[in-house]
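Undergrad: First the structure, then my questions, so here it is.
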Amino acid sequence: MMKRTGHRLQLIILAVIFLLSSVIISESGLFSRLRVDLTDNNMFTLSQGTKNIVNNIDEQVHLRLFFSEQAARDLPMLRTYFQRVKDFLEELTRFGAGKLKLSIIDPVSFSEEEDQASQFGLQALPVGEGGENVFFGIAATNALDNVAIIPFFQPERESYLEYDLAELIYNLNNPQKPLIGVMSAEPMLANGPTAPGMPSQEQIVLTQLKEMYTVQSVALDQTDLSNIDLLILVHPQDLPEQTLFAIDQYVMAGGRLLVFVDPMNQTQEVPADPQNPMAQFQANRSSDLAPLFKAWGVEYDPGRVVLDNPSALSIQSTQGQTIRHLGINAWDGDNLSDDIVNFELNKIHTALAGYFEAEAGRLTPLITSHQDSMTTDVDPFSMLFNPASLFQQYQADEARYVIAARLNGPLESAFKEGFEDMDVDDVITEQSDPRVVLVADADMLYDRLWVQSQNFFGRQVFSPFADNGYFVNNLVDNLSGSEDLIKVRSRGSSHRPFDKVQAIQLASDKKYRETENQLRQQLRETEAKLNELQQAKGSESQLILSSEQQQEIERFKQRKLEVRKNLREVKRNLNKDIEALGNRIKFINIALIPILITLVIIIVSAFRSRRREYKK
């Protein structure tokens with residue numbers, strides 16, 4: 001009796017010590033920075049780029065996460081994602097070690113917190129019959145009263161959660177607008193170059209960029225590009241060698257470059273020549289960066305265009321007919337890679353696009369053609385009056401062509417020996433980690449290919465019918481950010497589908513469909529047999545049934561009953577495998593684990609009893 005009391009007292013003392021130790025360790029934060037991330041995609045492990053952005057914070061950033069707890073009570077998906085966002089923010093704050101402060105705020109209806117959320121510009125989602133507003137966004141502020149927000153966290157954007165939060169913190173710590181330089185002979189900017197007699201018409205895609213960035217035109221002969229955060233090079237035709245050298249050295253020095261080349265720029269303005277009516281048709285509308293592409297290991301042929309059947313757009317012919325054009329394409333989800341710049345894009349329009357090729361690993365595709373595609377010579381398109389004729393010679397070659405891609409390093413300079421009289425030692429000869437994106441179409445930047453403009457009570461209203469503008473905006477946003485921000489890539493989703501269950505469902509459904517098709521085929525054969533017998537009787541006695549027909553009809557009815565019975569049986573067995581799997585999981589969770597623990601306890605007790613008997 002004394003021994004049992006002693007054992008109980010020891011257990012109580014150990015339990016108290018364990019509880020006290022847990023509280024002390026938890027409150028002291030002694031091991032708060034120690035983490036083990038066992039999630040499939042390391043969802044709670046910060047990337048190095050995010051860590052660098054947090055480490056470079058100058059002033060403490062206050063993160064206010066607004067979530068309407070009560071109003072979202074009937075929105076389980078939103079509540080689950082809130083927990084995901086909250087956990088990641090806590091991990092981010094923990095790493096920040098005082099540079100980040102996190103507050104969780106519930107903006108109850110008609111409260112000061114709701115007014116605060118509205119003042120920050122967070123988006124309210126009305127739900128329920130009572131019209132309650134659900135807020136689920138974040139407002140970040142620093143000591144300088146700068147504000148950056150994410151108006152609403154969309155569960156569909158979960159894989160980019162780390163990128164969005166890292167970008168929020170970076171923009172707050174770097175409020176100055178990046179300088180975007182546009183180098184082009186085309187009149188794309190209001191202050192850009194124009195051909196003689198041609199009016200300047202700024203393209204909407206660049207008008208939108210001006211709302212977020214400082215955008216300026218760069219002369220074709222400008223050699224100092226060092227002050228530009230991102231250079232957009234559009235349809236470079238016959239660039240002088242000093243400009244090519246300047247672009248090359250800009251990239252070698254770590255500059256960011258977005259290039260739009262084109263085998264045939266249909267939007268290019270070519271002045272009419274009264275002496276030569278064919279001048280506009282015969283004009284060179286292709287562009288290239290041959291010296292740089294060759295040095296960078298990129299193959300691009302300005303004389304070839306991609307034709308793609310599945311993505312061919314319908315256009316109006318000169319006769320007013322609607323014709324599918326194999327060279328004017330709408331690239332959708334099947335063609336857009338899983339890159340952060342393609343998120344939420346539905347389709348991107350291009351016209352007579354080219355393509356890039358390189359050795360494995362050199363290009364990371366952003367837009368690719370279907371396998372049902374081919375390439376062809378560009379020359380016939382200068383006088384193509386009937387796009388339907390393209391189908392006559394069309395023959396897919398089962399290859400997927402890269403229309404747009406990121407360029408991966410290392411890159412070598414095209415001017416290793418220097419330029420003109422400059423010292424070779426002053427030339428930067430390589431770049432190990434380039435920031436370059438290549439696009440083989442320039443038409444996609446022009447309004448006519450993606451947006452319509454309307455006059456609405458004296459105000460211009462833009463209605464996009466494709467996502468070209470968003471694609472360019474995403475590229476600029478990604479390339480003009482910090483080096484660390486560009487390195488932050490998308491993560492997997494916390495959503496974990498039951499892959500095994502889905503596989504069983506697909507297999508069962510396939511089995512059911514196969515059986516159903518077989519049985520229905522048997523029904524069709526029986527009906528065909530009856531029709532043959534009826535026709536054999538002749539037209540004079542079609543209403544008189546022979547004994548053979550009567551027997552066949554009886555067999556048909558019996559067979560019909562059997563078919564229906566078999567179909568019902570297949571449907572009943574459709575979820576049998578899933579139910580069996582569920583029962584096994586229930587058994588493991590409910591019975592097997594307790595049984596194993598009980599067996600372990602019994603074995604340990606028996607072992608200890610034998611030891612005590614042995615000692616006696």
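Undergrad: Across the range 329-350, what is the number of residues that are modelled with pLDDT of 95 or more and in contact with a helix residue (DSSP H, G or I) (Cβ under 8 Å, 6 or more places away or on another chain)?
TA: Residues that pass the stated criteria total 4.
Undergrad: Would you check if residue 400 is part of a loop (DSSP other than H, G, I, E, B), of a type outside the set (Ser, Thr, Tyr) and within 24 Å of residue 287 (Cβ to Cβ)? Let's see the steps before the verdict.
TA: Numbers: part of a loop (DSSP other than H, G, I, E, B): yes; of a type outside the set (Ser, Thr, Tyr): yes; within 24 Å of residue 287 (Cβ to Cβ): yes.
For residue 400, the condition - part of a loop (DSSP other than H, G, I, E, B), of a type outside the set (Ser, Thr, Tyr) and within 24 Å of residue 287 (Cβ to Cβ) - is met.
Undergrad: Return the only residue of 90, 132 being among the charged types (D, E, K, R) and either at pLDDT below 90 or in contact with a strand residue (DSSP E or B) (Cβ under 6 Å, 6 or more places away or on another chain) (or both). Steps first, answer last, please.
TA: Working: 90 fails: either at pLDDT below 90 or in contact with a strand residue (DSSP E or B) (Cβ under 6 Å, 6 or more places away or on another chain) (or both).
After applying the criteria, what remains is 132.
Undergrad: Moving to a separate point now. Taking residue 98 as meeting all but one of (1) of a type outside the set (Lys, Arg); (2) at pLDDT below 85; (3) assigned to a loop (DSSP other than H, G, I, E, B), write down the number of the exception.
TA: (2)
Undergrad: Follow-up question, since we're still on this one. Is it the case, given these coordinates, that residue 149 is free of Cβ contacts under 8 Å to residues at least 60 places away in the same chain, crowded, with 17+ Cβ neighbours inside 10 Å, closer than 29 Å to residue 484 by Cα and of a type in the set (Val, Ile, Thr)? Step through it out loud before you land on a result.
TA: Working: free of Cβ contacts under 8 Å to residues at least 60 places away in the same chain: yes; crowded, with 17+ Cβ neighbours inside 10 Å: yes; closer than 29 Å to residue 484 by Cα: yes; of a type in the set (Val, Ile, Thr): yes.
Yes.
Undergrad: Out of the residues in the range 290-349 meeting the condition of being among the hydroxyl-bearing types (Ser, Thr, Tyr) and assigned to a loop (DSSP other than H, G, I, E, B), tell me which one is nearest to the chain's Cα centre (by Cα).
TA: Looking only at the range 290-349, we keep the residues that are among the hydroxyl-bearing types (Ser, Thr, Tyr), and these are 300, 311, 314, 317-318, 322, 337.
Subsequent filtering for residues that are assigned to a loop (DSSP other than H, G, I, E, B) retains 311, 317-318, 337.
Values: 311: 19, 317: 35, 318: 38, 337: 7 Å.
Looking at the filtered set, the residue picked out is 337.
Undergrad: Hey, can you tell me all the residues within the range 413-458 that are surrounded by 11 or more Cβ atoms within 10 Å (Cβ to Cβ) and over 27 Å from residue 471 (Cβ atoms)?
TA: Within the range 413-458, 413, 414, 415, 416, 418, 419, 422, 424, 427, 428, 429, 430 qualify.
Undergrad: Of everything in the range 466-491 that's modelled with pLDDT of 90 or more and not in a helix (DSSP H, G or I), which residue is surrounded by the most Cβ atoms within 10 Å (Cβ to Cβ)?
TA: The selected residue is 467.
Undergrad: Related question: Restricting to the range 114-146, count the residues that are surrounded by fewer than 16 Cβ atoms within 10 Å (Cβ to Cβ) and either in a strand (DSSP E or B) or without any contact (Cβ under 8 Å) to a residue 60 or more places away in the chain (or both). Step through it out loud before you land on a result.
TA: Of all residues in the range 114-146, those surrounded by fewer than 16 Cβ atoms within 10 Å (Cβ to Cβ) come to 115, 118-119, 121, 126, 128-131, 143-146.
Now narrow it down to the ones that are either in a strand (DSSP E or B) or without any contact (Cβ under 8 Å) to a residue 60 or more places away in the chain (or both): 115, 118-119, 121, 126, 128-131, 145-146.
Total meeting the criteria: 11.
The values are calculated or read from the model by the stated rules, or taken from the named source; none is laboratory data. Since this is a predicted model, take the numbers as computed values, not measurements. Cβ coordinates were reconstructed from backbone atoms using ideal geometry, including for glycine residues, and neighbour counts include every protein chain displayed.
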